[in-house]
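Structure first, commentary second.
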Amino acid sequence: METIARGVHDRVRGDRIVEVWFGSHREPFKTPASRQAKSLAGRAVLAVHRTGKHIVFELGAADSADSASAPQAQWIVHLGMTGRLLVTAADAPLAPHTHARLHLASGRELRFVDPRRFGRLEFRSLKKSKPFEGPGDEPLTIGAGEFAALFHGRRLPIKAALLNQTLLAGVGNIYADESLFQAGIRPRRRTNRLTAAEFERLRKALLQVLGHAIQLGGSSVSDYVDANGMRGFFQLEHCVYQRTGEPCRRCETPIRRILVAGRGTHYCPQCQQ
Ligand SMILES: [Zn+2]
């Protein structure tokens, strides 16, 4: 997600949205497509960043080419399971399931493609509303004490807690499994039974796994592709995720798969206690 946001930022910062086209399907957008189209047109893209699982476009005032002013509006994109953002030439062939096309002053287009249509798009005027803030805390910046406090008094399995977006933003299924492996913690352990030392191992493991994934360009196991249309390479490095029955990279015990919070969960019964 961080990789996608950085890729889009590098390509469209300073550009201006000239015209916006939405597909004719009825979409579960937070802001109606017609209103988004009208509101986005004429605005400069000041910056693009990630907040939790959302990509946030900071936009200038309508019909102002000034790309140095403070943001006046935001376009908030939640990619869902299969959403993609592409920056292309205006005449590049349309991918199936293209739901939005933003024509840019540079002649290129920013496109939102989503086969399963779980993505969410929202326009927010900062004159009327507060800036978007992700639902949970950011795993890449949270401190040791805050991290343990997040889970304090909860009895749910630690894996379920990691996936809970109101606690921590942006931790997907793969990263949760890989972090629990790195920390040596079984996914079904109740959060109220974890020690302070285990929480600290888990926080460091999350930092390492998320940091590594960002460097390598995200994971390609869920369908997402970065802004260049390139698949990430993180899947080559998985220790447990989708390695059911294969030998653990540390101890050679076969990796097991269970369900936790309805999600496929992979762990080593020897290395994780
Ligand atoms: Zn093992």
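The values are calculated or read from the model by the stated rules, or taken from the named source; none is laboratory data. Here the structure is a predicted model, which is why all the values come from computation and not from measurement. Cβ placement follows ideal geometry from the backbone for every residue including glycine, while neighbour counts extend to all protein chains displayed. Surface areas here come from the heavy atoms of the whole protein model, side chains and all, with no ligands, DNA or RNA. Shrake-Rupley method; radii C 1.70, N 1.55, O 1.52, S 1.80 Å.
Filtered by the rule that a residue be open to solvent by 80 Å² or more (accessible area, probe 1.4 Å), within 9 Å of the ligand (Cβ to nearest atom) and within 24 Å of Thr191 (Cβ to Cβ), segment 237-273 gives a lone residue, Gln270. Summed over segment 180-196, the residues that are open to solvent by 60 Å² or more (accessible area, probe 1.4 Å) and either assigned to a helix (DSSP H, G or I) or touching a Ser or Thr at 6+ places or on another chain (Cβ under 6 Å) (or both) give a count of 4. Of all residues in segment 67-81, those that are at pLDDT below 80 have Cβ atoms under 7 Å from Cβ atoms of residues that are open to solvent by less than 50 Å² (accessible area, probe 1.4 Å) and charged (D, E, K, R), 6 or more apart or on another chain, in Gly80/Asp114. Remark: pairs (first residue in segment 82-96, free of Cβ contacts under 8 Å to residues at least 60 places away in the same chain; second residue assigned to a loop (DSSP other than H, G, I, E, B) and among the aromatic types (Phe, Trp, Tyr); Cβ separation under 9 Å; 6+ apart in sequence or on different chains) are absent.
Looking at segment 215-236, which of the residues that are of a type in the set (Gly, Ala, Ser), farther than 15 Å from Glu178 by Cβ and at pLDDT below 50 is surrounded by the fewest Cβ atoms within 10 Å (Cβ to Cβ)? I'd like the intermediate steps shown before the answer.
Within segment 215-236, the first condition is being of a type in the set (Gly, Ala, Ser), and the residues that meet it are 217-220, 222, 227, 229, 232.
Cutting the leftovers down to farther than 15 Å from Glu178 by Cβ gives us 217, 227, 229.
Applying the additional criterion that residues be at pLDDT below 50 yields 227, 229.
On the way: Ala227: 23, Gly229: 13.
So the residue we want is Gly229.
Got at least one residue in segment 93-114 being closer than 19 Å to Val56 by Cα and in a loop (DSSP other than H, G, I, E, B)? Yes, the conditions are met somewhere in segment 93-114.
Out of all the residues in segment 4-39, which are in a loop (DSSP other than H, G, I, E, B) and touching a residue at least 60 places away in the same chain (Cβ under 8 Å)?
Initial filter on segment 4-39 (in a loop (DSSP other than H, G, I, E, B)): 13-15, 23-32.
Passing the criteria: Asp15, Gly23, His25, Glu27, Pro28, Phe29, Lys30, Thr31.
Scanning segment 88-122 for residues that are in contact with a Lys or Arg (Cβ under 9 Å, 6 or more places away or on another chain), within 21 Å of Thr51 (Cα to Cα) and open to solvent by 30 Å² or more (accessible area, probe 1.4 Å) yields one hit, Arg120.
How many residues are open to solvent by less than 20 Å² (accessible area, probe 1.4 Å), touching a strand residue (DSSP E or B) at 6+ places or on another chain (Cβ under 6 Å) and farther than 20 Å from Cys239 by Cβ when one looks only at segment 138-155? Of the residues in segment 138-155, 0 are open to solvent by less than 20 Å² (accessible area, probe 1.4 Å), touching a strand residue (DSSP E or B) at 6+ places or on another chain (Cβ under 6 Å) and farther than 20 Å from Cys239 by Cβ.
Each residue in segment 156-179 was checked for being open to solvent by less than 30 Å² (accessible area, probe 1.4 Å) and either in a loop (DSSP other than H, G, I, E, B) or among the aromatic types (Phe, Trp, Tyr) (or both), and 6 of them qualify.
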